[in-house]
1. Checking residue 107 against (1) among the small types (Gly, Ala, Ser); (2) within 11 Å of the ligand (Cβ to nearest atom); (3) outside any loop (DSSP other than H, G, I, E, B): exactly one of these is not met. Which one?
2. Which residue out of 308, 351, 363, 327 is touching an Asp or Glu at 6+ places or on another chain (Cβ under 8 Å) and small (Gly, Ala, Ser)?
3. Any idea which of 216, 203 is in contact (Cβ under 8 Å) with a residue 24 or more places away in the chain, touching an Asp or Glu at 6+ places or on another chain (Cβ under 7 Å), within 20 Å of residue 322 (Cβ to Cβ) and not aliphatic (A, V, I, L, M)?
4. Looking at this structure, is residue 345 under 24 Å from the mean Cα position of the chain (by Cα), more than 16 Å from the ligand (Cβ to nearest atom) and open to solvent by less than 50 Å² (accessible area, probe 1.4 Å)?
5. Among the residues of region 130-187, what is the count of those that are open to solvent by 20 Å² or more (accessible area, probe 1.4 Å) and small (Gly, Ala, Ser)?
6. For a quick check of your reading: which helices (runs of 4 or more DSSP H) sit entirely within region 200-317 and have at least 3 residues that are open to solvent by 10 Å² or more (accessible area, probe 1.4 Å) and more than 23 Å from residue 60 (Cα to Cα)?
7. Which one of these does residue 153 not meet: (1) within 14 Å of the ligand (Cβ to nearest atom); (2) in a helix (DSSP H, G or I); (3) out of contact with any strand residue (DSSP E or B) (no Cβ under 8 Å at 6 or more places or on another chain)?
8. Just give me the residues in region 71-104 being among the aliphatic types (A, V, I, L, M) and either open to solvent by less than 70 Å² (accessible area, probe 1.4 Å) or within 16 Å of the ligand (Cβ to nearest atom) (or both), in sequence order.
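The values are calculated or read from the model by the stated rules, or taken from the named source; none is laboratory data. Everything numeric here is computed off the predicted structure, so don't read it as measured data. Using ideal geometry, Cβ is built from the backbone for each residue, glycine included, and neighbour counts are taken over all protein chains shown. With ligands, DNA and RNA removed, areas are computed over all heavy atoms of the protein, side chains included. Shrake-Rupley method; radii C 1.70, N 1.55, O 1.52, S 1.80 Å.
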Amino acid sequence: EKGGYDYFMLKEIAEQPKAVADTLLGRIDAAGSLTLDEVRISASELREVDKVVIIACGTAFHAGLIAKYAIEHWTRIPCEVELASEFRYRDPILDQQTLVIAISQSGETMDTLMALRHAREQGARVLAICNTNGSTIPRESDAVLYTHAGPEVAVASTKAFLTQLVACYLVALYLGQVRGTKWGDEIGAVIRDLSRISNEVERVLETMEPVRELARSLAGKNTVLFLGRHVGYPVALEGALKLKELAYMHAEGFAAGELKHGPIALIEDDLPVVVVVPSPRGRSVLHDKIVSNMQEIRARGARTIVIAEEGDEAVVPYADHLIRIPATPTLLQPMVATVPLQVFACELATARGNEVDQPRNLAKSVTVE
Ligand code: F6R
C-alpha cells in the first residue's frame, strides 16, 4: 500500500501534484471563475464579512499564516491567524460579521474543535477547510471546503498542507470575486496560475536528488535555521517544524528581518541556514533585503542553503547550496518552496535512522487538548 515507496511520507510527497489538481477540480469553471457553491454561505453573507479569523494547529496553522497574506491582499478584509490552542483563552472579539476559518487535515484536532465551538457560541460563522469527510470539525461548522489530498498516513503532514494552501487561495479569491475588489484582473490571472500550479509542483519533485544528497551530508549537525520573508516566513516555520518532528534536530524558523534583532547571534561557523528567497519580480524590495541578509550571515560563517526562483542570478554569489524552484506569482510561491523542505526533512530523518512515518512522541490526530 506504500505504492513501491519505502515510507508513506515519500509516497505522499510524490502524490502532491495530483492532490493539488484534485483539490482544484470542479472549482474553476470554463470561463475561469471560481464556483464554490458547496460553501453554503451566500454571496450576500460573504459581502457582509468584515473580519476573517483563522484557527489551526501545527502545519495547518502555517497554511493559515500564508492565507492571511492572500486574503488581505485580494479582499482587503482584515485577517488574523491564531493558534487554536490559544484562541478561546484570550476572549477574542467575534460577531456575526466575523468569518472564522478552521483548518484541519484530520477534522478531529481537539484544540481546533474547541476553538471553533467558542467562535460559534459568539455568533461567528465558521468555515472548515478539512481533508476528512464527515469528521467532527466540518460537522460542527456552518460550511466546509474539503481538500482532496486523499488519506494522509504519515504523521508529518505534506500533501494535506499543499491542498490546504490551495483551499485557502480558493477562499481568498472567491471572497475577492464575490466582493468585487480592485484586484479583479489580478484575480483572473491568479486563477489561471493556480490551475497550472500542480505542474510546477511536479517539476520541483523531478529535481530533488541534490536536496537528498545535501540532507544526507548534514546528518551529523545539531541545528538548522530557516529564514524567510513575507509568505516565505511561514514556509521557513514549516521547514523547521518538519525537521524537528522528523529529524529530532533543533530547527527554528525566523523572519529574515528579525535577524539583527537577536537571532544573528546564533550564527557560527558552518551552521546550515536555509533561506527562502522571494521572487526578484514583483516584491523586489524584499528580494534585495534577503540578499543582504544572506551576505551578513555568510560573512559570519553560515553555510547557506538557498531556495530561489529559476533565473534569479543575484543569489548565486551567496549560496553555498542552491535549490531552484519555478517562478510563480509571489503569493503562490509557498506551493513550490515547501516541497524541497519536506524532502530535506524526510531524507535527514532517514539518514539519522529515525522512523519517518511514526516520529517519536507524536500521533497523527491529536484528540486531546
Ligand atoms: C505536522 C503535523 C501537525 C498537524 C497538526 C494539526 O507535520 O502534521 O502539526 O498539522 O497536529 O492537525 P490537523 O490538521 O489534523 O488539525
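1. (3)
2. Working: 308 fails: touching an Asp or Glu at 6+ places or on another chain (Cβ under 8 Å); 351 fails: touching an Asp or Glu at 6+ places or on another chain (Cβ under 8 Å); 363 fails: touching an Asp or Glu at 6+ places or on another chain (Cβ under 8 Å).
It is 327.
3. 216
4. Numbers: under 24 Å from the mean Cα position of the chain (by Cα): yes; more than 16 Å from the ligand (Cβ to nearest atom): no; open to solvent by less than 50 Å² (accessible area, probe 1.4 Å): yes.
Spelling it out, it is not the case that residue 345 is under 24 Å from the mean Cα position of the chain (by Cα), more than 16 Å from the ligand (Cβ to nearest atom) and open to solvent by less than 50 Å² (accessible area, probe 1.4 Å).
5. Going through region 130-187 one residue at a time, the tally reaches 4.
6. In region 200-317, 209-217, 284-299 are the helices (runs of 4 or more DSSP H) which contain 3 or more residues that are open to solvent by 10 Å² or more (accessible area, probe 1.4 Å) and more than 23 Å from residue 60 (Cα to Cα).
7. Residue 153 satisfies every listed condition except (2).
8. Within region 71-104, 71, 77, 81, 83, 84, 94, 99, 100, 101, 102, 103 meet the criteria.
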